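Report on the following structure.
The values are calculated or read from the model by the stated rules, or taken from the named source; none is laboratory data. The structure displayed is predicted, hence computed values, not measured ones. Here Cβ is always computed from backbone atoms with ideal geometry, including for glycine, and neighbour counts include all displayed protein chains.
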Amino acid sequence: MSLQLDDPISVLPGVGTRAVRLYARLGIHRVWDLITHWPRQEAFHLEHHGEAAHQARDGEVVHFVATIDAWTRTPRRGKKVGTVTLTDDLGTRWVSTFFQRWPHWLERQFPVGSVVEVNGKVTHFGGRPYLQQLKLASASSRDDQLNGSSIGVVYPATQGLASATISKDVQTALRLVGELDEWLPEQYVATHHLMGADEAIRTMHEPPSSEALTQAQARLVYEELFALQVALQRNRNIIKGAEHGIMNAVVTNGVCDLFHSRLPFALTSDQITVMGEIDRDMGSPHPMHRLIQGDVGTGKTIVAAHAMLRAIDAGRQAVLMVPTQVLAEQHASTLRDLLQDMVIERYGRFLTIDVLSANDTKSERRRVCDGLASGLTDLVVATHAVLEPSVQFADLGLVVIDEQHRFGVEHRRSLTDKRVTGDSPDLLVMTATPIPRSIALTLYGDLDVSTIKTRPGGGRITVKTIALEKTSPRREGLYDFIAQEVSQGRKAYVVCPLIEPRESQDNAIESNDVQEDSGPTLFVDTVPGGHGWDEVASVRDVHRTLQERFSPTPVGMLHGRMRSVEREAVMEDFRAGTVPILVATTVIEVGVSVDESSVMIIEDADRFGISQLHQLRGRLFRGYPDNYCVLFSSKDPEDNPRLQAMVATADGFELAEIDLQLRREGAVFGTNQTGAGELAFANLLTDLEVVAQTRADVAALLADDPDLVGYPRIVEQVNYRHPDDHVIFADAG
């Protein structure tokens, strides 16, 4: 009998209907799934067999044949403690102690003088070897014992399906599939000194030595990343090959040049570099696919404005898509201030900017849509409402998506499909959530990545961050400090996880509230507290408390359930300083900019992840040089690595690395970024060199053979690992 890798596990001898159901719990359906159901990495342990048992050190596992010398029970502290004494073939005496229930069944089954097979973990006490986790079996019921040492394995299991059963089935499967073909190109196996495919898999399940195990793991790291890069880069090539771009070439003395001449500040070197990359992309006949990642306060909006004006100079329109109406209104206000009274010479009229959201009145929506369809609107700042089929453009030249992690590939494609001529507009996506280089190399398979690190002003803006328990006596002094800051014309944010008191998590997280009715469910980067939400700070409670505390100074309130006109009125009062203290949910997380803000309190900060905390704190990197952020925690902040990371650094890229260490890849990639989160061996943080190497190797391979006609085994492997093109959206923002 022989097996194929894509055979169902039901064809495996001894695997019945019940076992098939149990294996399904572990995600195992095919023979391939079974032989790649890897032992737990932390559970490999050295085992000693037969005469080698006496060489075992504490914590190591032994297997040997011995004779039962005695079963004894002695009183100790009011209890009877039992021991069994055994002697192996070398004359070594072993003792195992039973502190709880006396094993009558073992004493009856294996009386003194019985020859037994012994399995246990070694510990030494008083110079004598003891056995923990003792297991006994009749020596005559098993084959002759091996002599020497080996590495034991433990598999992730489920109730009714033990690790030992999985091990037996894996070995049966490996025997019946025969030798596994090498699927990596020979030149890469040789160049990188990789173990062969068959040897690596068999070594992982039955390691002959720790050295062999290390080599097998290195091979599997490489092949995991190689297969993922093949899937991502083929997807990128398919997208680019199917698209025909438009030319948004640089126009001299247009509105873009006028915009630069009016800027009241100097651009940073990073901004200038990225603008040059954008100009080259937009002047190419191929559509631009570029991601700009930049820390909070690094001036990405100015770069986006540059790109949009390039499209407008070329006689086309631009759309800036953002996740919330609050952000849309703010971006539109900022752009109008920057671009006011600019005349487009080719049209002989002023540049026009509109806002489109799901909360617009019918008449306002009709006016904006008519302007887009006729070409009279040059630039629209929009929420998910712009994705609706009824929204058409006369000549869309550039799509800009802000806070791209809030959107998926399908949203980007919905926008880029809005050209009726069949060609594709340029695409620029932005994120203020810095991404480790290893993630960017892997995740953004269809995007060129630009990075802006330098903040305008050369770092003159600082934010001192401290973490305190929410019951800290320093709270009252903090309120006095806020009052002092307000008296000098500055402003303060107080952020709460909940809107209403005593809400459930499902109804309380602000990120679920700020989306528009027409939009998708947004990813929530919030860390569950684990002790219920009854005592978690809410906007309404904190607002009521602070109104009394700071009276007669006005205290505002902002959250995603307010009507858009109410939200904008509150933000305008906050900007103007008539309401200098604002209690809000995470509706302020993205893009909200008030230069005079100098203090932020985040209540129950342990409920948030690093990314969200960094985004919230980023509201302070705006204008005032000396700023303060206080993270109140319901538990000891010293025991919270996320809060300590926030205290230690304000560098978003460093925080992204820490976040990756704490959460691993699966959480970073999120629910819409399937595939990369399933890496079993590769670590996108520590295996950066292998990430870069596989990316280069696959690029070279696809350059010579884009369809992998000469490499059918690579195609087969990618299909095994990523069935149904399930990494096709791994480049999702």
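Would you be able to say whether some residue in region 542-550 is part of a loop (DSSP other than H, G, I, E, B), at pLDDT 50 or above and under 24 Å from residue 571 (Cα atoms)? No: zero hits.
Taking region 346-391, which residues are aliphatic (A, V, I, L, M) and out of contact with any Leu (no Cβ under 9 Å at 6 or more places or on another chain)? Write out each step before concluding.
We begin by selecting, within region 346-391, every residue aliphatic (A, V, I, L, M); these are 351, 353, 355-356, 358, 368, 372-373, 376, 379-382, 385-387, 391.
Answer for region 346-391, where residues must be aliphatic (A, V, I, L, M) and out of contact with any Leu (no Cβ under 9 Å at 6 or more places or on another chain): 355, 358, 373, 376.
With the condition kept exactly as written, say whether any residue in region 105-113 is surrounded by 11 or more Cβ atoms within 10 Å (Cβ to Cβ), over 30 Å from residue 15 (Cα atoms) and modelled with pLDDT under 85. Checking region 105-113: at least one residue is surrounded by 11 or more Cβ atoms within 10 Å (Cβ to Cβ), over 30 Å from residue 15 (Cα atoms) and modelled with pLDDT under 85. Considering region 594-612, the residues that are modelled with pLDDT under 90 and assigned to a loop (DSSP other than H, G, I, E, B) include one that is farthest from the chain's Cα centre (by Cα), namely 596. Applying a threshold of 8 Å to beta carbon distances and a minimum spacing of six or more residues, or different chains, the list of pairs starting in region 554-565 at a residue that is under 15 Å from residue 328 (Cβ atoms) and ending at one that is among the hydroxyl-bearing types (Ser, Thr, Tyr) reads 560/324; 560/585; 564/357. Among the residues of region 34-64, the one identified as at pLDDT 80 or above, under 30 Å from residue 91 (Cβ atoms) and assigned to a loop (DSSP other than H, G, I, E, B) is 58. Looking only at residues of region 566-581 that are within 33 Å of the chain's Cα centre (by Cα) and either without any contact (Cβ under 8 Å) to a residue 12 or more places away in the chain or buried (at least 20 other Cβ atoms within 10 Å of the Cβ) (or both), we find that the one that is farthest from residue 334 (Cα to Cα) is 567.
Among residues of region 488-502 that are over 15 Å from residue 558 (Cα atoms), those with a beta-carbon under 8 Å from a residue that is part of a loop (DSSP other than H, G, I, E, B) at least six positions away or on a different chain give the pairs 489/577; 489/596; 490/580; 490/596; 490/624; 502/533; 502/534.
Let me confirm something: among 693, 644, 661, 615, which residue is surrounded by fewer than 21 Cβ atoms within 10 Å (Cβ to Cβ), at pLDDT below 90 and in a helix (DSSP H, G or I)?
So the residue among 693, 644, 661, 615 that is surrounded by fewer than 21 Cβ atoms within 10 Å (Cβ to Cβ), at pLDDT below 90 and in a helix (DSSP H, G or I) is 661.
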